[in-house]
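Down below is the structure, laid out as structure tokens.
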Amino acid sequence: MPNYIVNNRNQLYIYNGQGLFQIALKPEVQQKFKAMLGGEDAGVIEIDDTIAAKLLKGKRTESAMDGAQAAVAATMVMERDLHSKEMRYVHLGPTSGVLATCFSNENLKELRADDAAEKADPILDLYVRHFLKWSEGTADRSGHKRFLVDLQQSHIIREIQLLSDFPLVEIDVSKQGWSERQDPMEQLTRLETLESRLVHHFVPGDQTWNQIPYKIAVSTNEAYCVGESQINEIIRCSYLNLEHVLSGVYPVGKWVVCENLQQMVEKCARLLFEVVDRSEMVRYDVPFRTIKSLIGRAAVYSMIHHYIPECEETLTIEIQHHCGLDIYGITAIQSGRACTQTQYGTNPELLLNNVLQHYFALLFQNMIQVKEESELGKIIPLQMVPAYLPCGRHDLIKQALNSYFHVRELRSDIFAQANIQVVNLVEKQVQT
């Protein structure tokens, strides 16, 4: 990449592939360079690598943003030497922005661009144009290049991709191939790599994981992920955060991010609860003191029984069961109000265990009050709860999804490399 000397208000700068650097020279040397620049206040000349290295050795300091004025005349270099596509700048906030060869309306909506703030720093503009020239062939399939830039340091952070560039393709859920469960550590590494290729942040990295025995992760929309594995909860929370980001980019429909068929089915159970025939719904009210016979995993039950003895009289578990699909929504109820988020899925025993973990971790371990209220309705007496509640069948769930929703997949190689599928479901209009 070429090196340039820029004269601005009697101060000399060197611009190269690493950024813009202010240089301090002896007065006689400085005068020679100013003469070479023709005495112009904003003159620019190209120098070779050897001279640039000597000038920068031990004498450089990175310029602050006010040094951006030094490149006003450097735009002449762009016009004279470069023929890349016109760059446009989108301001993301006080410390960063995006420079690209092209922005669609969908891209601008995704970035929530502020047109009033779209005034590119000419130094960054010059840098990116040179970057484009010397990295030809690295564009994505659309030929677009997008770079995340640091406004404080005036340099490129990384090349990025935008979700709104990826195609949405309608799919048949029943014909989809699904991956098997991956090693959690490997999956987390994949998600971090995916995040580095997008402008959005969705992998939680600033949470404290000192809860014992249950780890809690809180997503952007304040949903809680509770479980025994720190890594698993980070992954689950990352999926929720990515779904939240996608809802901002494409507000129509519901988004599901999953890595295997089981996750897809469990997440879609909640969506089906909202649209399936309500006449096939039954609801049970199960007091905590009688719940042990319904759960084979006794550890969390024992902890609650030991540390929260008052729950014998105050805690009930509400089980909503759709009999046609055998999908469930299970919530812990205390003092007539929901005290956990509703857990949806197809395995009632596993869901019941998850809800009890949720209750113990939030209400006792961390004292977090969940605001979500249960839709209390007609309660079926305990004696009507079957001793065995059947698990849902994946084939029926997939058929129901195709019947009730238009299912589309957001396709990109970077999702495949991250071992996830990103699916959008839009409810079909039922003819009456």
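The values are calculated or read from the model by the stated rules, or taken from the named source; none is laboratory data. Computed from a predicted model, the values in this text were never measured in an experiment. With ideal geometry, Cβ positions are generated from the backbone for all residues, glycine too; neighbour counts draw on all protein chains shown. These accessible areas exclude ligands, DNA and RNA; they are computed on the full protein's heavy atoms, side chains included. Shrake-Rupley method; radii C 1.70, N 1.55, O 1.52, S 1.80 Å.
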Heavy-atom accessible area order for VAL256, VAL44, largest first, 1.4 Å probe: VAL44, VAL256
GLU28 accessible area, assembled protein chains, probe 1.4 Å, Å²: 110
Spin-label model distance (nm) - SER196 vs LYS32, 7 Å beyond Cα toward Cβ: 4.3
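Give me the net charge of MET264's neighbourhood, meaning all other residues with Cβ under 15 Å from the Cβ of MET264; Lys, Arg count +1, Asp, Glu -1. Walk me through the numbers before you get to the answer.
Working: positive: LYS175, ARG181, ARG236, LYS254, LYS267, ARG270, ARG393, LYS398, ARG408; negative: ASP172, GLU180, GLU243, GLU259, GLU266, ASP395, GLU409.
With Lys, Arg at +1 and Asp, Glu at -1, the neighbours total +2.
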Taking 1 over the mean of 1/r across every pair of different Cα atoms in region 190-265, what Kirkwood radius in Å do you get? 13.1
A 1.4 Å probe over the protein heavy atoms gives region 257-334 a carbon and sulfur accessible-area percentage of 51
Say each of LEU168 and ASN402 gets a label point 7 Å from the Cα, pointing the same way as Cα to Cβ; how far apart are those two points in nm? 2.1
Size of the dipole of region 281-367 about the Cα centre, Lys and Arg at +1 and Asp and Glu at -1 on the beta carbon, nothing else charged, in debye to 20? 80
In square angstrom, rounded to the nearest 10, how much accessible surface does TYR239 have for a 1.4 Å probe? 10
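In what order, largest first, do CYS323, CYS225 sit by accessible area if the probe radius is 1.4 Å?
Listed by decreasing accessible area, they come as CYS323, CYS225.
May I ask for the net charge around VAL276, where only other residues with Cβ less than 12 Å from the Cβ of VAL276 are counted and Lys, Arg are +1 while Asp, Glu are -1?
-3
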Heavy atoms of HIS394: accessible area, 1.4 Å probe, square angstrom to 10: 60
Arranged from highest to lowest average of other beta-carbon atoms within 10 Å per residue, in what order do the peptides 331-339, 174-182 appear? 331-339, 174-182
At a Förster radius of 41 Å, what calculated FRET efficiency corresponds to the Cβ-Cβ distance of ASN105 and ARG283, to the nearest 0.05? 0.35
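Counting Lys +1, Arg +1, Asp -1, Glu -1, what net charge surrounds SER196 among other residues with beta carbon under 13 Å of its beta carbon?
0
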Contour minus Cα-Cα distance for HIS306 and ARG270 (0.36 nm per residue): 9.8 nm
